[in-house]
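Asks: Take a look at this one; I'll ask things after.
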Amino acid sequence: MEDLAKSDTWRVFRIMAELVEGFEALNGVGPAVTIFGSARLPPGSPYYNKCLKVAERLAQDGFAVISGGGPGIMEAANKGAQNARGVSVGLNIELPMEQAANQFQDIRVEFRYFFVRKLMFVKYAVGYVIFPGGFGTMDELFEALTLIQTKKIRGFPVVLVGREYWAGLFDWIRKTMLPANSISPEDLDLMHVVDEPEEVCAIINKRYKDRVTDVPVDRRDKARKGV
């Protein structure tokens with residue numbers, strides 16, 4: 001029991017260290033958009049190429065781009081941001097498979113704990129862009145929706161790319177969850193489903209512009225800088 005107590009105590013300090021490292025690395029990146037999606041989609045695949053364009057356009061519009069730092073969609077997000085000379089951030093985590101850091105990261109932070117990493121994804125984001133992915137992508141999607149729905153964070157756009165990919169999920173939400181009163185009708189409006197990079201960026205830009213103009217003038221500069 002004593003060894004376990006010591007282990008748990010030191011784990012608290014490791015968690016604190018990761019929090020401090022993440023805050024220090026990301027403080028000042030400015031308004032950022034976090035992009036999620038499968039690590040298994042290779043360069044040249046349709047969604048990889050779309051993600052490149054989305055990240056490039058977001059960077060051109062002045063947004064930092066945050067990804068999980070790995071291959072696939074994460075690589076496309078970081079590479080697109082660098083292509084447009086934007087700020088490219090990778091929040092990496094060690095996994096037994098799939099996660100190998102991509103080479104397109106201006107700011108690279110390593111995490112041991114998923115929940116600390118997830119905090120960093122959401123803390124600095126003014127929008128989420130969700131490309132096709134697996135369980136990890138679903139986890140990030142529904143956590144963001146839950147935080148927005150319960151008003152634990154300020155609402156931001158959650159944009160899903162790929163109408164065909166997400167159609168089955170949305171049908172189930174509308175035809176099963178909603179009639180069962182598991183969600184409210186307005187909860188359906190928390191998500192946008194699109195196909196084209198231009199649609200993604202239009203939604204992100206409009207919502208961010210609305211957010212900034214809602215802030216008193218003397219606080220707008222801070223909002224734009226991500227303070």
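The values are calculated or read from the model by the stated rules, or taken from the named source; none is laboratory data. On a predicted model such as this, the values are computed, not experimentally measured, just so you know. Neighbour counts are summed over all protein chains in view; Cβ atoms, including those assigned to glycine, are modelled from backbone coordinates with ideal geometry. Keep in mind that these areas ignore ligands, DNA and RNA; they rest on the heavy atoms of the full protein, side chains included. Shrake-Rupley method; radii C 1.70, N 1.55, O 1.52, S 1.80 Å.
Asks: Return yes when N83 is polar (S, T, N, Q), out of contact with any strand residue (DSSP E or B) (no Cβ under 8 Å at 6 or more places or on another chain) and farther than 15 Å from V29 by Cβ and no when it is not.
Replies: Yes; evaluated as a whole, the condition is true for this residue.
Asks: For the range 156-171, name all the residues that are surrounded by 11 or more Cβ atoms within 10 Å (Cβ to Cβ) and not hydroxyl-bearing (S, T, Y).
Replies: Within the range 156-171, F156, P157, V158, V159, L160, V161, G162, R163, W166, A167, L169, F170 qualify.
Asks: What pairs come out if I take residues in the range 172-184 that are closer than 17 Å to T146 by Cβ and pair them with residues that are of a type in the set (V, I, T) and modelled with pLDDT of 95 or more whose C-beta lies under 7 Å away, six or more apart or interchain?
Replies: Taking only residues 6 or more apart or on different chains, the pairs are M177/I183.
Asks: Just to check your reading of the model, which residue among G70, G80 is at pLDDT below 95, crowded, with 21+ Cβ neighbours inside 10 Å, of a type outside the set (F, W, Y) and touching a Leu at 6+ places or on another chain (Cβ under 9 Å)?
Replies: G70
Asks: Suppose the filter is more than 14 Å from T34 (Cα to Cα) and of a type outside the set (A, V, I, L, M); does F104 pass it?
Replies: yes
Asks: Could you figure out which of (1) part of a helix (DSSP H, G or I); (2) in contact with a strand residue (DSSP E or B) (Cβ under 9 Å, 6 or more places away or on another chain) isn't true of Y128?
Replies: Unmet condition: (1).
Asks: Among the candidates R174, R85, R112, single out the residue that is farther than 26 Å from R207 by Cβ, in contact with a helix residue (DSSP H, G or I) (Cβ under 8 Å, 6 or more places away or on another chain) and open to solvent by 20 Å² or more (accessible area, probe 1.4 Å).
Replies: R112
Asks: Within the bounds of the range 104-125, is there any residue that is of a type outside the set (D, E), under 22 Å from E164 (Cα atoms) and touching a residue at least 60 places away in the same chain (Cβ under 8 Å)?
Replies: no
Asks: Identify, please: which residue in the range 86-107 is in contact with a strand residue (DSSP E or B) (Cβ under 8 Å, 6 or more places away or on another chain) and modelled with pLDDT under 95 and is, among those, nearest to F156 (Cα to Cα)?
Replies: N92
Asks: Counting just the residues of the range 177-200 that are closer than 20 Å to V122 by Cβ and assigned to a helix (DSSP H, G or I), which one comes out most open to solvent (accessible area, probe 1.4 Å)?
Replies: D189
Asks: Next question. In the list D61, D106, which residue meets the criterion of being acidic (D, E) and in contact with a Cys (Cβ under 9 Å, 6 or more places away or on another chain)?
Replies: Unique residue meeting the criteria: D61.
Asks: Which one of A39, A125, A59, A32 is open to solvent by less than 50 Å² (accessible area, probe 1.4 Å) and in contact with a helix residue (DSSP H, G or I) (Cβ under 6 Å, 6 or more places away or on another chain)?
Replies: Just one listed residue meets the conditions, A59.
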